[in-house]
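Scroll down for the structure; my scribbles are underneath it.
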Amino acid sequence: MIRNLFFIGLFLILFVFAGCQSSHQVEVKPVEIKPIHITIDVNIRVEKALDDFFDDLEAAEDKIKE
């Protein structure tokens with residue numbers, strides 16, 4: 001009985017200390033923040049053509065109302 005308790009105790013001690021052997025290291029590096037360049041191209045011709053088209057529709061609507 002004492003022999004079994006001795007082996008169980010020895011196993012538990014080795015089991016507990018086996019978990020302490022590993023070591024972990026975390027390396028923190030600085031974060032780089034770079035500017036973002038956005039280019040937006042606006043097609044003025046399409047906008048003018050749409051304005052002219054809708055102006056023509058509004059003019060035709062005004063003629064119909066009169």
ask   = Would you pick out the residues in the range 38-64 that are assigned to a helix (DSSP H, G or I) and of a type in the set (Val, Ile, Thr)?
value = Ile44, Val46, Ile64
Positions within the range 36-66 being of a type in the set (A, V, I, L, M) and at pLDDT below 80, in sequence order = Ile40, Val42, Ile44, Val46, Leu57, Ala59, Ala60, Ile64
remark   = Taking the range 16-27 and the residues there that are hydrophobic (A, V, I, L, M, F, W, C) and at pLDDT below 75, the one that is surrounded by the fewest Cβ atoms within 10 Å (Cβ to Cβ) would be Cys20
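The values are calculated or read from the model by the stated rules, or taken from the named source; none is laboratory data. These figures come from a predicted structure and were not determined experimentally. Cβ: placed from backbone, ideal geometry, glycine included. Neighbour counts: every protein chain shown.
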